[in-house]
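Here is the structure we will look at.
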Amino acid sequence: MSRVGRFLFEELKLVVPPTIYFFCAFNIIALTSNLLVRHYWFAMSNFLLATTMALVVGKVILVAHRLTFLDSFRAAPLAWPILFKTAFYSVVVGLIRLLEVFIHIVTDDRGFHVAVRAVLDVFTWQHFAMVQIWLFLTFLVYVTVRELSALSGKSFLALLFQPRPAGAIP
């Protein structure tokens, strides 16, 4: 296998687990949102949006993991880096979600005032908060598993699903 092929294979091995996790998590959030707000359980557009976001977030998380300021609490107890990274990811996603609403307003051809009124008729802070809470919990679980995996030296999920030796303590 060539160097480029090995590099792409290693990158694929890194991006697949978070992408699968966020695919499941984002689709659960979309399902919950549809059930609570729209009173139906499936919308293809929300499924496609959640799937696309899972692909994007899966790669962005890996890039963000290499940022040095996210390791500010390396010497602190394990809870500090977990909460710091979770808060960072949640705030960034919240700002992106608000920016998305603003972009809809700016790009609407009906005019700024009509677009603002249309967005205000649809947008609710309760729904926004519900999705943000889901996202916070999603990132909390992901960051916790990732930090525990880094601490154990092995994949934490591999340890969870690995059969125990016969003499192991239950």
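Can you tell which of L99, L62, L70 shows the greatest fluctuation in a Gaussian network model of the chain with Cα springs below 10 Å?
Its mean-square fluctuation being the largest, the pick is L99.
Counting other Cβ atoms within 10 Å, which trypsin sites (Lys or Arg not before Pro) in segment 1-106 have at most 12 and lie in a DSSP loop?
Values: sites: R3, R6, K13, R38, K59, R66, R74, K85, R97; in loops: R66, R74.
Filter output for segment 1-106: R66, R74.
Using 7 Å Cα-to-Cβ label points, what is the T52/L36 separation (nm, one decimal)?
Each label point is offset 7 Å from its Cα along the Cβ direction, giving 2.4 nm.
What whole-number value in Å² describes the accessible area per residue of the chain for a 1.4 Å probe?
Values: 11810 Å² over 170 residues.
For the chain, the per-residue accessible area is 69 Å².
Quick one: go through segment 133-152 and flag any residue whose amide nitrogen is under 15 Å from the point 7 Å out along the Cα-to-Cβ line of A79.
The answer is 144.
If I model a spin label at L151 and A87 as a point 7 Å from the Cα along the Cα→Cβ vector, what separation in nanometres do I get?
In this crude label model, L151 to A87 measures out at 1.9 nm.
Using 5 Å bins from zero, what percent of all Cα-Cα pairs in segment 59-109 falls into each bin?
4, 18, 20, 19, 13, 10, 8, 5, 3, 1, 0
Scanning the chain for helices, which whole DSSP H stretches are 20 Å or more long along the axis (Cα) and average 0.5 or more by Kyte-Doolittle? Walk me through the intermediate numbers first.
Values: long enough: 3-33 (44 Å, 1.00); 44-65 (31 Å, 1.60); 79-107 (41 Å, 1.54); 125-152 (40 Å, 1.07).
Passing helices, by number: 3-33, 44-65, 79-107, 125-152.
Relative to the present Cα-Cα distance, how much length would full extension add between I20 and V116 at 0.36 nm per residue of separation?
Computed gain between I20 and V116 is 31.0 nm.
Out of F23, F136, F73, any idea which swings most in a Gaussian network model of the chain, alpha carbons joined below 10 Å?
Answer for the Gaussian network model of the chain: F73.
Select one label from (i) 60; (ii) 53; (iii) 36: the one whose number is percent of Cα pairs over 23 Å apart as derived from the coordinates shown.
Working out percent of Cα pairs over 23 Å apart from the coordinates points to (ii).
Build a GNM of the chain with springs between Cα atoms under 10 Å: which of H113, H65, H127 gets the top mean-square fluctuation?
Among H113, H65, H127, the largest GNM mean-square fluctuation belongs to H113.
When only alpha-carbon atoms are used, what values of Rg and Dmax, in angstrom, describe segment 63-145?
16.9, 54
Assign one of three labels to segment 1-94, namely rounded, prolate or oblate, based on the Cα gyration tensor with a ≥ b ≥ c the square roots of its eigenvalues; rounded applies when a/c is under 1.5, prolate when it is not and a/b is larger than b/c, and oblate otherwise. Intermediate values should be presented prior to the final figure.
Working: a/c = 3.14, a/b = 1.28, b/c = 2.45.
It comes out oblate by the Cα gyration axes.
Using alpha-carbon pairs under 8 Å, 6+ residues apart, how would you state the relative contact order of the chain in percent? Kindly include the intermediate steps, with their values, before the conclusion.
Numbers: 95 pairs, mean separation 35.9, N = 170.
Relative contact order here is 21 percent.
The values are calculated or read from the model by the stated rules, or taken from the named source; none is laboratory data. Predicted model only: the values in this text are computed from it and were never measured. Positions of Cβ are generated from backbone atoms using ideal geometry, with glycine treated the same way; all protein chains shown enter the neighbour counts. These area figures cover heavy atoms from the full protein model, side chains too; ligands, DNA and RNA do not enter into them. Shrake-Rupley method; radii C 1.70, N 1.55, O 1.52, S 1.80 Å.
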